[in-house]
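All remarks here apply to the structure that follows.
The values are calculated or read from the model by the stated rules, or taken from the named source; none is laboratory data. These numbers come from a predicted model, not from an experiment. Positions of Cβ are generated from backbone atoms using ideal geometry, with glycine treated the same way; all protein chains shown enter the neighbour counts. When the accessible area is computed, the model is the full protein with side chains, heavy atoms only, and any ligands, DNA or RNA have been set aside. Shrake-Rupley method; radii C 1.70, N 1.55, O 1.52, S 1.80 Å.
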Amino acid sequence: MVQLPIYLDNHATTRCDPRVVAAMLPYFTEKYGNAASINHVFGTEAQEAVARARRQVAELIGASDSEIIFTSGATESNNLALKGVARMYRHKGNHLITVATEHKAVLDPCKRLAHEGYEVTILPVDEWGLLDPQQVAEAIRPQTILVSVMLANNEIGTLQPLADIGRICRERGVWLHTDAAQAVGKIPVHVDQLQVDLLSLSGHKIYGPKGVGALYLRKRDRRVRVEPQIDGGGQESGLRSGTLPVPLIVGLGEACRLCRELMPEESQRIRELRDRLWLGLRNGVDGIRLNGHPTHRLPNNLNVSFAGVKGEALLLAMKDVAVSTGSACTTARLGPSHVLKAIGLDDEQADASVRFGLGRFNTEAEIDWVIAHVIETVRQLRRHATMWAEKSPGVPVG
Ligand SMILES: *Cc1c(COP(=O)(O)O)cnc(C)c1O
């Protein structure tokens, strides 16, 4: 039997893989040196561990070791990329381009830069959440310094045509940043194939620890520079000061190593589970709609709306299934998700949306349990809504 509750919220965060925890543990207790104190063995041990982790991160995305900067997560990486490039190249221009469906960790730094006098163009997406590369080409001006387009969306899973956008940016001499927090470790990501200059990733989205991430900064063929946003001891080539959290970095490295090793088999297995979930739900209830692109999407994402059922109500009625509605990343903000609005959903459809995020530890038995439970709950909620409508004809249903 399945163990309850079932975790299907892997876009919000993932369980730290026990192998990652095992790799980290010695660096809390025996190997606790400061990676900068290399005049003794405690320090060199830590320094070597950091170097190994840097290689593991680089290998997962086709980068060189020296192109990886450790940060506290994708939020910090995005801030360093956007503010760092904007401030470093202020003499060249003041224009940035991004997309309506980006994570708040991209949109909010852009908003702050706009307050500081930068101009920001926010491009729309189509009904699937796709950005048309031609729109990027048309939005680029002589003053444009940076384009930021996420690789995979955290709500609807849509994958952007980044290689095409990369080609355009390169031709036009504009830096390209991508927030790849949801894509890295789930689909093959290669910085040269995508032609990106900066890339953000996060430990806790790939079965690693929370509080650590990395920023890829292109160096090999053309060198992108960023103005540091945190000054101090000069760690990470002076681009991100602060004593390195060696255990977390070791965990991030091991998480990357595991993703690389497991990805071919794992992504296929998870995709099959996701398709099983979608078919099961679609065959079990009518009035269900898929949000996001039907094929050009993350293998672990399913975002659906059930007509006439509020996502919140569904979540409340299904205590044993951990999923999310709207966006868990912006729980502090009320109102329908900006991503679902950007793909044209009205408030009611957006309110009816549920995001399933599958992961490494989900089983087929769990998915079958969830299918049965969701179908049952949706039917029940709809029945109640009809009964309520019959009893009090003056009250609108929804
Ligand atoms: C989770 C996430 C972030 C934030 O990452 P943290 O490491 O939690 O700061 C940024 N962007 C996307 C697309 C995400 O999914």
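Points worth noting:
- Tally, over the range 4-13, of residues that are in a strand (DSSP E or B) and of a type outside the set (Asp, Glu): 2
- Given (1) out of contact with any helix residue (DSSP H, G or I) (no Cβ under 9 Å at 6 or more places or on another chain); (2) without any contact (Cβ under 8 Å) to a residue 12 or more places away in the chain; (3) surrounded by 15 or more Cβ atoms within 10 Å (Cβ to Cβ), number of the condition residue 89 does not satisfy: (2)
- Among the helices (runs of 4 or more DSSP H) confined to the range 283-357, the ones with at least 1 residues that are modelled with pLDDT of 95 or more and buried (at least 22 other Cβ atoms within 10 Å of the Cβ) are located at 338-342.
- Output for the range 14-25, where each listed residue is open to solvent by 30 Å² or more (accessible area, probe 1.4 Å) and either within 16 Å of the ligand (Cβ to nearest atom) or part of a strand (DSSP E or B) (or both): 15, 16
- The range 146-171 - residue that is farther than 18 Å from residue 294 by Cα and open to solvent by 10 Å² or more (accessible area, probe 1.4 Å) and, of those, farthest from the ligand (Cβ to nearest atom): 171
- Some residue of the range 148-156 being over 23 Å from residue 360 (Cβ atoms) and of a type in the set (A, V, I, L, M): yes
- The range 108-122 residues that are assigned to a strand (DSSP E or B), paired with ones that are among the polar types (S, T, N, Q) (beta carbon under 8 Å, 6 or more apart): 119/94; 119/143; 120/98; 121/98; 122/98
- Residue 142 being touching a helix residue (DSSP H, G or I) at 6+ places or on another chain (Cβ under 8 Å), more than 16 Å from the ligand (Cβ to nearest atom) and open to solvent by 10 Å² or more (accessible area, probe 1.4 Å): no
- The residue that is farthest from residue 273 (Cα to Cα), counting only those in the range 358-374 that are open to solvent by 50 Å² or more (accessible area, probe 1.4 Å) and part of a loop (DSSP other than H, G, I, E, B), is 361.
- Remark: residue 206 matches the filter, which requires a residue to be out of contact with any strand residue (DSSP E or B) (no Cβ under 7 Å at 6 or more places or on another chain), among the aliphatic types (A, V, I, L, M), within 16 Å of the ligand (Cβ to nearest atom) and closer than 23 Å to residue 7 by Cβ.
- Residue match in the range 95-110 (condition: surrounded by 20 or more Cβ atoms within 10 Å (Cβ to Cβ), touching a His at 6+ places or on another chain (Cβ under 8 Å) and among the small types (Gly, Ala, Ser)): no
- Restricting attention to the range 26-81, the residues that are free of Cβ contacts under 8 Å to residues at least 12 places away in the same chain and not in a helix (DSSP H, G or I) add up to 5.
- On inspection, residue 194 passes the criterion of being at pLDDT 95 or above, crowded, with 22+ Cβ neighbours inside 10 Å and within 16 Å of the ligand (Cβ to nearest atom).
- Residue within the range 242-262 that is touching a Pro at 6+ places or on another chain (Cβ under 9 Å), more than 30 Å from residue 373 (Cβ to Cβ) and of a type in the set (Val, Ile, Thr) present: yes
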